[in-house]
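Data first, discussion second: the structure below is written as structure tokens.
Laboratory data are not the source of any read-out in this text; all were calculated from the coordinates shown. Note that the structure is predicted; figures quoted are calculated from it, not measured. Here the Cβ positions follow ideal geometry from the backbone for every residue, glycine too, while neighbour counts run over all protein chains shown.
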Amino acid sequence: MITVIGLGPMGQAMVRSFRKAGHEVTVWNRTASRADGLDATVAPTVADALAASELVVLSLTDYKAMYDILGDESIKDKVIVNLSSDTPNKTRAAAQWASERGATMIGGGVMVPAELVGTDKAYVFYSGPEDVVRKFEPELGVIGAVKYVGADPALGQLFYQAQLDIFLTSLAAYMHATALVEAAGVPPTEFLPYAVENFDMMSYYLEDAAKQIEQGRHPGDAANVIMMGATADHIVGASNESSVDSALPYAVKSMYDKAIAKGHGRDSWTSLYEVIRSTGAGRPARGR
Ligand SMILES: NC(=O)c1ccc[n+]([C@@H]2O[C@H](COP(=O)([O-])OP(=O)(O)OC[C@H]3O[C@@H](n4cnc5c(N)ncnc54)[C@H](OP(=O)(O)O)[C@@H]3O)[C@@H](O)[C@H]2O)c1
């Protein structure tokens, strides 16, 4: 038996997946009509939804919605799997809030759009007490592969945000690049195969980059900061010549400028990391 609270596109997709896998599902949603057409038991109240299952999955807009819904309810002995998006600190605070009320909160995030929930492309980050995640892995594994990333309840959220950081920035870069060539009369579909090739090549750079940033060593090579920074400057110039918004390439160029100012000009482009990374203040040790 699983309770799902929150029936936006994501919550609805979860309910369908759980039902397809043969689980009994109880649902509650602020706007009751969003349960229409779902093959699930609709709880008349939040208390009824909580009473139906030990495992309670939340799929809400943010963590504030969790307090709005559960704030006045008893959640003792419940396992609250909150797959709503928010900041890591709000996730940590919510885990503490749940613990003070006798519940366990597992934080996390679903890494695919709603239409891919329950497919072999789907995976979901989770963090919090590992034994609890493993206990419910058979149920949670239905919506996507379970990726447990650590004991700190915020880590699942952080991995989710980090993946979306790559996703959103990359999509914006694709839009910008397309606008740049389109300003010269090139249809987006003509540019598309080259953009795809570029995205496909991207992973080639990551393995060496990860090793270098982990070691804090950035040996100079052909792709050094001065060369890459000059290229970033040319992209800003190309944007300005075409009246294409230059905010994104300008942000990238300013990172290279900072790296040069810090003396990394002849180092590898990976030294950009040294101007981006946290200075270490307030960086907690990772709990697993
Ligand atoms: N959609 C996707 O493809 C996708 C992909 C990955 C991750 N996510 C994440 O998954 C979560 C859910 O996504 P979604 O697309 O289903 O979101 P959504 O359309 O924003 O639906 C959110 C749900 O939260 C409820 N809600 C919001 N504020 C509330 C409040 N103050 N009190 C009570 N209920 C409240 C809504 O209730 P009402 O129906 O009454 O408004 C609705 O059921 C989000 O955090 C999203 O970032 C979504």
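Place a +1 charge on the Cβ of each Lys and Arg in the chain and a -1 charge on the Cβ of each Asp and Glu, then give the dipole magnitude about the Cα centre in debye, rounded to the nearest 20. Display every interim value, and only then the final one.
Numbers: 25 positive and 34 negative charges, 148 e Å.
Taking the Cα centre of the chain as origin, the dipole is about 720 debye.
When the dipole is taken about the Cα centre of segment 2-154, and only Lys, Arg (+1) and Asp, Glu (-1) are charged at their Cβ, what size is it in debye, to the nearest 20?
Numbers: 15 positive and 19 negative charges, 45 e Å.
Approximately 220 debye in magnitude.
At what distance in nm do the modelled label points of residue 168 and residue 33 sit from each other, each positioned 7 Å from its Cα along Cα→Cβ?
3.1
Quote the FRET efficiency, to the nearest 0.05, computed for residue 279 versus residue 42 with a Förster distance R0 of 51 Å and r equal to the Cβ-Cβ distance.
Values: r = 50 Å, r/R0 = 0.99.
E between residue 279 and residue 42, to the nearest 0.05, is 0.50.
For segment 2-154, what does the relative contact order come out to in percent, with C-alpha contacts under 8 Å and a separation of six or more? Present the calculation step by step, with values, prior to reporting the outcome.
Values: 316 pairs, mean separation 31.2, N = 153.
That works out to 20 percent.
Using only the alpha-carbon atoms, how far is helix 155-182 inclined from the longest principal axis of the chain? Give it as 0 to 90 degrees, nearest 10.
Result, in degrees: 50.
What does the highest-first list of 122-131, 91-100 look like by mean Cβ count within 10 Å?
Working: 122-131: 20.8, 91-100: 18.4.
The peptides rank, most packed first, as 122-131, 91-100.
Taking the convex hull of the Cα atoms, report for segment 183-276 its projected area averaged over all directions, in nm². Spell out each step's value before the answer.
Details: hull surface 26.8 nm².
The number I arrive at for segment 183-276 is 6.7 nm².
Considering only DSSP beta bridges with both partners in the chain, what is the antiparallel share in %, to the nearest 5? Spell out each step's value before the answer.
Details: 5 of 27 bridges.
Bridges in the chain that DSSP calls antiparallel: roughly 20 percent.
Treating cross-link reach as a plain straight distance, find the aspartates and glutamates whose alpha-carbon is under 19 Å from the alpha-carbon of residue 64, omitting any fewer than eight places away in the same chain.
Of all the aspartates and glutamates, those that pass the test against residue 64 - Cα under 19 Å, at least 8 places apart if same chain - are 72, 73, 86, 100.
Evaluate the relative contact order of segment 5-63 (contact order divided by residue number), counting alpha-carbon pairs under 8 angstrom at least 6 apart; express in whole percent.
Working: 72 pairs, mean separation 25.1, N = 59.
This gives 43 percent for segment 5-63.
Against the longest alpha carbon principal axis of the chain, how many degrees, from 0 to 90 and to the nearest 10, is the axis of helix 247-261 turned?
So the helix axis and the longest Cα principal axis differ by about 60 degrees.
Work out the length of the dipole vector of segment 183-276 about its Cα centre, built from +1 on the beta-carbon of each Lys and Arg and -1 on the beta-carbon of each Asp and Glu, and round it to the nearest 20 debye.
380
What nm value, rounded to one decimal, do you get for the distance between residue 257 and residue 206 when each label is placed 7 Å out toward the C-beta?
Label-label distance for residue 257 and residue 206, simple model: 3.0 nm.
Just list whichever of 20/121; 90/211; 121/147 have alpha carbons separated by over 21 Å in the model shown.
Working: 20/121 17 Å; 90/211 31 Å; 121/147 13 Å.
The pairs that break the limit, which is 21 Å between Cα atoms, are 90/211.
Rounded to the nearest 5, what % of DSSP beta bridges with both residues in segment 2-154 are antiparallel?
Working: 4 of 26 bridges.
The antiparallel proportion sits near 15 percent.
Which of 14, 271, 205 sits farthest toward the positive end of the charge dipole of the chain, with +1 on the Cβ of Lys and Arg and -1 on the Cβ of Asp and Glu?
271
As an exercise, use a Förster radius of 51 Å and the Cβ-Cβ distance of residue 223 and residue 151 to find the FRET efficiency, rounded to the nearest 0.05.
Values: r = 38 Å, r/R0 = 0.74.
That pair, residue 223 with residue 151, gives E of 0.85.
Report the one residue of 81, 28, 187 whose Cα lies farthest in the direction of the positive end of the charge dipole of the chain (charges on C-beta: Lys and Arg +1, Asp and Glu -1; origin at the Cα centre).
81
Quick one: Cα centre-to-centre distance for segment 9-66 and segment 112-169, in angstrom?
Each part reduced to its Cα centre gives a spacing of 18 Å.
Ranked highest first by average number of other Cβ atoms within 10 Å, how do 78-90, 195-207, 18-30 line up?
Taking the mean over residues of other Cβ atoms within 10 Å, the ranking is 78-90, 18-30, 195-207.
For labels at residue 119 and residue 198 in the simple 7 Å Cα→Cβ model, what's the distance in nm?
Each label point lies 7 Å from its Cα, and together they span 2.6 nm.
Let me know the Kirkwood hydrodynamic radius for the chain, please, with Cα pairs as the basis and the value in Å to one decimal. Let's see the in-between values first.
On the way: mean 1/r = 0.0462 Å⁻¹.
In the chain this quantity evaluates to 21.6 Å.
With r as the distance between the Cβ atoms of residue 51 and residue 19 and R0 = 30 Å, compute the FRET efficiency 1/(1 + (r/R0)^6) and round to 0.05.
Numbers: r = 20 Å, r/R0 = 0.66.
The computed FRET efficiency comes out at 0.90.
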